[in-house]
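Participant: Could you have a look at this structure, given as structure tokens, before my questions?
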Amino acid sequence: MATLNVVNWKKEKVGSVELPPEIFEVPVKKEVLHQVVRWQLASRRQGTHMVKSRSLVSGGGKKPFKQKGTGNARQGSTRSPLMPGGGKLFGPVPRDYSYALPKKMRKLGLKMALSHLVQAGKVVVVDSMKSEGKTKELFARLQTMGLTKATIVDGASNELFARASKNLKKFKYSAVDGLNVFDLLKHDCLVLTPDSISKITEKMKAD
């Protein structure tokens, strides 16, 4: 069972916490992480892309030119895909890109992402997530910890901390419910609290 030091925002050790091996010491498989990230990004796609087909293009009631004698191929409508300004053939239409992924695989992917960060030594445990709600103050604390890019996970959402972190583009703050594989791998460092570790353990065992 892995044990991590609990520090305050001045990087002073104030305790230690044990990580459940069934969640934080799982063998990492890249293919599982790849599938979970693909599923997550596909679910985020809006799918609102669209072009106009010939039925949606305005005009087209009059024959563009006479049938014979012009030397051109015959045309019956300016809305034809063959005409400048006409409709488009086989263009994109609004669609839903999301698809189902087994719950066990989603859960396993999250365990693997957490285990990967623990193995890489990129998990920091702080004693609390208290904040004054000021971005400058929070950024200074993160710099003191030596963090430049990280996912910050609290046991429960803290309004002041969320407000302070909102403008920090390289940091993602969320409660345990918002924990996901993409953010863990993207930010490549994880900041937890003892409370959030307990909540993650409860969530994994309850699902």
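The values are calculated or read from the model by the stated rules, or taken from the named source; none is laboratory data. Every value quoted in this text rests on a predicted model; they were computed, and no experiment measured them. Cβ: placed from backbone, ideal geometry, glycine included. Neighbour counts: every protein chain shown.
Participant: Sort through Lys122, Lys107, Lys111, Lys103 and tell me the only one that's touching a Cys at 6+ places or on another chain (Cβ under 9 Å), of a type in the set (Lys, Arg) and in contact (Cβ under 8 Å) with a residue 40 or more places away in the chain.
Facilitator: Lys122
Participant: Select from the stretch 123-153 the residues that are more than 22 Å from Leu184 (Cβ to Cβ) and not small (Gly, Ala, Ser) and list them in ascending order.
Facilitator: Within the stretch 123-153, Lys130, Glu132, Lys134, Thr135, Lys136, Glu137, Thr144 meet the criteria.
Participant: Let me ask another. Return yes when Phe90 is closer than 30 Å to Gly76 by Cα, over 18 Å from the mean Cα position of the chain (by Cα) and without any contact (Cβ under 8 Å) to a residue 60 or more places away in the chain and no when it is not.
Facilitator: Spelling it out, Phe90 is indeed closer than 30 Å to Gly76 by Cα, over 18 Å from the mean Cα position of the chain (by Cα) and without any contact (Cβ under 8 Å) to a residue 60 or more places away in the chain.
Participant: For Val181, only one of the following conditions fails: (1) more than 14 Å from the chain's Cα centre (by Cα); (2) in contact (Cβ under 8 Å) with a residue 24 or more places away in the chain; (3) buried (at least 16 other Cβ atoms within 10 Å of the Cβ). What is its number?
Facilitator: Condition not satisfied by Val181: (1).
Participant: Right, next: Please work out if Leu147 is in the same structural domain as Ile23 (by TED's automatic domain parsing) and either under 23 Å from Val181 (Cα atoms) or in contact with a Cys (Cβ under 8 Å, 6 or more places away or on another chain) (or both).
Facilitator: Yes, satisfied.
Participant: How many of the residues making up the stretch 1-58 are in contact with an Asp or Glu (Cβ under 8 Å, 6 or more places away or on another chain), surrounded by 12 or more Cβ atoms within 10 Å (Cβ to Cβ) and polar (S, T, N, Q)?
Facilitator: 1
Participant: Let me confirm something: among Leu160, Leu190, which residue is surrounded by 19 or more Cβ atoms within 10 Å (Cβ to Cβ) and out of contact with any Cys (no Cβ under 8 Å at 6 or more places or on another chain)?
Facilitator: Answer to the selection: Leu190.
Participant: Tell me, yes or no, whether the stretch 71-87 has at least one residue that is under 30 Å from Val176 (Cβ atoms) and surrounded by 12 or more Cβ atoms within 10 Å (Cβ to Cβ).
Facilitator: No, the stretch 71-87 contains no residue that is under 30 Å from Val176 (Cβ atoms) and surrounded by 12 or more Cβ atoms within 10 Å (Cβ to Cβ).
Participant: Which of the residues belonging to the stretch 5-50 are among the hydrophobic types (A, V, I, L, M, F, W, C), assigned to a strand (DSSP E or B) and either at positive phi or touching a helix residue (DSSP H, G or I) at 6+ places or on another chain (Cβ under 9 Å) (or both)?
Facilitator: Selection gives Val6, Val17, Leu19.
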